[in-house]
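Peer 1: What follows is a single structure, and I will ask about it in a moment.
The values are calculated or read from the model by the stated rules, or taken from the named source; none is laboratory data. It should be emphasised that the depicted structure is a prediction, and the values quoted were computed from it without experimental measurement. So basically every Cβ, Gly included, is an ideal-geometry build from the backbone, and we count neighbours across all protein chains shown. The protein model used for the area step is the full one, side chains on, heavy atoms only, and it has no ligands, DNA or RNA in it. Shrake-Rupley method; radii C 1.70, N 1.55, O 1.52, S 1.80 Å.
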Amino acid sequence: MGDKSTPLLAVLQLLRKYNLKGTEEILRKEASLGDVEYESLDLPEVEIASILTAHHTESDPYSYEFAYDSLKKFIENSLDIYKHELSTLLYPVFVHMYLLLILYDHTEHAVKFLEKFGPEQEDYYQDDLAKLSIVKSKDQIKGNELAEIYSSNKFEVQLSRDASAQLKRFLQEQKSSTVIINIINNHIQIDVHDGPGRTQAQVRATAGGLLGEATKNENRTKVYYGLLKEPDIQVLPLPVEDEEETEETPDKPKKKKAKKDNIFMKKPKSDPNAPPNDRIPLPELKETDKIEKVKALRAKRVQLGPDCLPSICFYTLLNSGNTAICADICDDSTLLSVGFNNSTIKVWTLTPVRLRGMKSAEKLQDIDREAGDVLVRMMEEKDRDTCRTLYGHSGPVYKVGFDQFKTMLLSCSEDSTIRLWSLQCWTCLVVYRGHVWPVWDVKWSPHGHYFASSGHDRTARLWATDHHQPLRIFAGHLSDVDCVQFHPNSNYIATGSCDRTVRVWDCLTGTQVRIMTGHKSAIFTLAFSVCGRWLVSGGSMGDILVWDISNGGLTAALPPSHTSPIHALAFSRDGTILSSGSLDCNIKLWDFALITDETPSEETGSNTSVPKEEKFLLRSFATKNSPIKSLHFTRRNLLLGVGTYEGSS
C-alpha cells in the first residue's frame, strides 16, 4: 500500500469504528484492498486524528501560501549565522508546494502561488521554474522531466547543528507547518554538520545543483589521482639514440638521457596517490608507439608563466557558415579534424607532409609484412592530399578526437552512434551502438585502447576498441551528460551535465566517487590538470570552476570573464597556464600555478585576497568574429586555436 494510502487506511478504520459497513465495503472495493491489509488495520486513535488533520490541511489551498510565507519570514528574521543556510530550504519547499497544489487539483492557486513566490527564487533556478510552470494538471507531472526528478528524488540541504535546532523549534511552534513538515520528511534530505553556520559566499559556492548540494559522504572515497609510472621509460635511450642523427658521439645523448630517465623514474615513486599500474589493464605499447612517445618527451618545451605567455596560432574556418560544430588537433599537432552538421568529417594536414591513401589490395600482397617500415610501405606514393573527407554518420557530428598515436579517429553524432575511423585507409572500422539518443561527447583514454562517451540518455559509457558493447555504464546524472574527460592516469572519467553537477567515476568499479555542486548553469567542457589533482569545468554562462579531486572541494571560482558558453579548455604541457575559449570569440590565459597555490597568503589579511583573484587572468585575446571550437597546446607549448568565422556582426 505504501505511505500515500495512510489517509485511506485512517478513513477505513474510522468507518469501522462507527460501524458504517456499507460505505466501508464500497471504499474497500474501490481501493482494491486485500483481506490481509484490511485485517492488519490497527492505528491508534491519536495517529488517525493527526493523519486526517494533516490531510485536511494539505488539501486546503490557502494553507500553502500561509505556510510558505511564515517559513520565509522565519528565515528572514533569523540571525545571519543561520539565515544563509536556512534560505536553501525555500526553493525545494516552494517547488513541492506547487506540485502538491497541482496534485490536489488547485490549478488556479498553484498558478498564483508560482507568480507570487517564483520571481523571489535564486536566479539560477528561474529556467527550471519556467519548465515546471508548464505543469498544470496531475497527468502532466508524469511527462515533465523536472517534475519527475523532484517527485522521485530527495533535495539535499546542508545545515549546521544550531540552524537545524532553530528550524525544529520553528516547526514545533507553528500550527500551519504540517505541510512543511511533510515536505521535509518526504522530499528533503537535511544533512547536519558540526561547526559554525556557513556564510553567504560559502553557501552560494556550493549551491546551484538540480537537487541541492553534494553530501559530505558522497566524496569520502579515496581517489588515486597521481600519475602512472611510465612503463616504457627504461626503453627510452635505445630509440632516442636511433633518432639522434645530428649527434655523432653516442656518449653525450646517453648522459642526457640518463638524467631524464631519473626524472621520470623519481616522479611516480614519490607520488603516493598514484594507482597501481595494473589496476586496470592497459595495452602494450608497440615499437612505433614507443618512438612516438620518445619524440613527445624529447620536445624542447618553452617554460611558460606570467612573464612568459605562449604565442597563439589560430586556424579559422572560412565559408563554412554555421556548419562546423567541433574540432580536434592531434597530439603532435600535425593533423586537424572538424565535424560538420551535414554528417561529414574533414581531416587536414597542418604541415607540408600530405595525407596519403593506402595501396590497393593487389599491391599490398607484395609487401614484406615483417619489415620495420611496413606502415610506410603500405601507403600509396601518388595519392596525396591536404584534406580527406570521411562519410558515414547520418546526423550532425558533435565531437571528433584523434588517438594518441594518430592512427585512428573517434567521432560521435546525433545518429546515436560512435564511429572509429582508420587514418591509414580513411574508412570507418567500427560503429559502436549503445546510446539510444544523440551522443554529445567522446574522448580517448590518454593510454589508448579505451574511450568514453556521454549523451542525451543521461549516461556516460566506457568502451574498449575491441568490444562492440560498453564495458561500463555510468548512470546517476539527472539530465543530459554534455561532456566527458579522462583522468591522465586513465583510471577515472569526469562528466559534466545539464543538472549542473560535475561527477567523477571509477573505471574499475563503475561507481561514482565524486559529485561536485557549485555551477549555476549547464557544464559544457572539462579539463584535468597535468598532475591529475585538479579538474576545471566550464559552463554555459561563461563560468569556470576549479575542483580539487582529492576531496571533491571547490578550489576556486575564476572571476567572471567570458560572456558566452565555454567550449574549450586546455592546459599548457607544463601545467602552469590554463587557456579557455568561448563562443564570445575570446581566448583567455589564466595563471593556474597561482590559482592552485595553497600558501595561506590570502589568510594574512582580507585586503590581500582581492588582488590574488585579479591576478588569475593573465591576458585576453579576441578573434575578429570567430567563436572558439577547440584549443590545443603543442609539445613545445605553442597554443593552437580553431574557430569558424561568422562574418561581420
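Peer 1: Just to be sure before I move on: is residue 509 within 22 Å of residue 550 (Cβ to Cβ) and open to solvent by less than 20 Å² (accessible area, probe 1.4 Å) in the structure I sent?
Peer 2: Here the answer is no, as residue 509 does not meet what is asked.
Peer 1: From the list 446, 470, pick out the single residue that is closer than 20 Å to residue 277 by Cβ and either in a loop (DSSP other than H, G, I, E, B) or of a type outside the set (A, V, I, L, M) (or both).
Peer 2: Of the residues listed, the single one that is closer than 20 Å to residue 277 by Cβ and either in a loop (DSSP other than H, G, I, E, B) or of a type outside the set (A, V, I, L, M) (or both) is 446.
Peer 1: Just to be sure before I move on: is residue 328 out of contact with any strand residue (DSSP E or B) (no Cβ under 6 Å at 6 or more places or on another chain) and within 20 Å of residue 578 (Cα to Cα) in the structure I sent?
Peer 2: When the stated conditions are applied, residue 328 does not pass them.
Peer 1: I've got another one for you. Here are 420, 478: which of them is open to solvent by 20 Å² or more (accessible area, probe 1.4 Å) and either at pLDDT 90 or above or part of a loop (DSSP other than H, G, I, E, B) (or both)?
Peer 2: On the way: 420 fails: open to solvent by 20 Å² or more (accessible area, probe 1.4 Å).
The conditions single out 478.
Peer 1: Of a type outside the set (Asp, Glu) and more than 25 Å from residue 501 (Cβ to Cβ): is that true of residue 101 in this structure?
Peer 2: Against the criterion (of a type outside the set (Asp, Glu) and more than 25 Å from residue 501 (Cβ to Cβ)), residue 101 qualifies.
Peer 1: Identify, from the list 71, 101, the residue that is in contact with a Ser or Thr (Cβ under 9 Å, 6 or more places away or on another chain), under 18 Å from residue 189 (Cβ atoms) and not in a loop (DSSP other than H, G, I, E, B).
Peer 2: After ruling out the rest, the residue left standing is 71.
Peer 1: On the basis of being open to solvent by 60 Å² or more (accessible area, probe 1.4 Å), in contact with a Phe, Trp or Tyr (Cβ under 6 Å, 6 or more places away or on another chain) and among the hydroxyl-bearing types (Ser, Thr, Tyr), does residue 316 make the cut?
Peer 2: So residue 316 fits the description; yes.
Peer 1: Only one residue in 449, 435 is at pLDDT below 90, within 25 Å of the chain's Cα centre (by Cα) and open to solvent by 40 Å² or more (accessible area, probe 1.4 Å). Which one?
Peer 2: After applying the criteria, what remains is 449.
Peer 1: Continuing with the same structure: Kindly indicate whether residue 529 is closer than 19 Å to residue 156 by Cα, touching a residue at least 12 places away in the same chain (Cβ under 8 Å), among the hydroxyl-bearing types (Ser, Thr, Tyr) and touching a helix residue (DSSP H, G or I) at 6+ places or on another chain (Cβ under 8 Å).
Peer 2: Criteria not met by residue 529.
Peer 1: Going by the conditions given, is residue 527 surrounded by 24 or more Cβ atoms within 10 Å (Cβ to Cβ) and within 21 Å of residue 400 (Cβ to Cβ)? Give the derivation first.
Peer 2: Details: surrounded by 24 or more Cβ atoms within 10 Å (Cβ to Cβ): no; within 21 Å of residue 400 (Cβ to Cβ): yes.
In short, no.
Peer 1: Further, regarding this structure: Which residue, of 78, 160, 87, 70, is surrounded by 14 or more Cβ atoms within 10 Å (Cβ to Cβ), in contact (Cβ under 8 Å) with a residue 40 or more places away in the chain, in contact with an Asp or Glu (Cβ under 7 Å, 6 or more places away or on another chain) and farther than 20 Å from residue 499 by Cα?
Peer 2: After ruling out the rest, the residue left standing is 160.
Peer 1: Closer than 18 Å to residue 91 by Cα, in a loop (DSSP other than H, G, I, E, B) and at pLDDT 80 or above: which single residue out of 134, 180 fits that description? Please lay out each step first, then the result.
Peer 2: Details: 180 fails: in a loop (DSSP other than H, G, I, E, B).
Residue meeting the stated conditions: 134.
For (1) free of Cβ contacts under 8 Å to residues at least 12 places away in the same chain; (2) outside the structural domain of residue 95 (by TED's automatic domain parsing); (3) touching a strand residue (DSSP E or B) at 6+ places or on another chain (Cβ under 7 Å), each residue gets a yes or a no:
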{"residue": "131", "(1), (2), (3)": "no, no, no"}
{"residue": "150", "(1), (2), (3)": "no, no, no"}
{"residue": "168", "(1), (2), (3)": "yes, no, no"}
{"residue": "179", "(1), (2), (3)": "no, no, no"}
{"residue": "186", "(1), (2), (3)": "no, no, no"}
{"residue": "192", "(1), (2), (3)": "no, no, yes"}
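Peer 1: Taking residue 107 and the conditions (1) open to solvent by 20 Å² or more (accessible area, probe 1.4 Å); (2) under 23 Å from residue 69 (Cβ atoms); (3) touching a helix residue (DSSP H, G or I) at 6+ places or on another chain (Cβ under 7 Å), which numbered condition does it fall short on, given that it satisfies the others?
Peer 2: Checking residue 107 against (1) open to solvent by 20 Å² or more (accessible area, probe 1.4 Å); (2) under 23 Å from residue 69 (Cβ atoms); (3) touching a helix residue (DSSP H, G or I) at 6+ places or on another chain (Cβ under 7 Å), the one that fails is (3).
Listed here are the residues, each with its yes/no results for (1) farther than 18 Å from residue 452 by Cα; (2) within 20 Å of the chain's Cα centre (by Cα).
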| site | (1), (2) |
| --- | --- |
| 384 | yes, no |
| 389 | yes, no |
| 400 | no, yes |
| 405 | no, no |
| 408 | no, no |
| 417 | no, no |
| 423 | yes, no |
| 427 | yes, no |
| 431 | no, no |
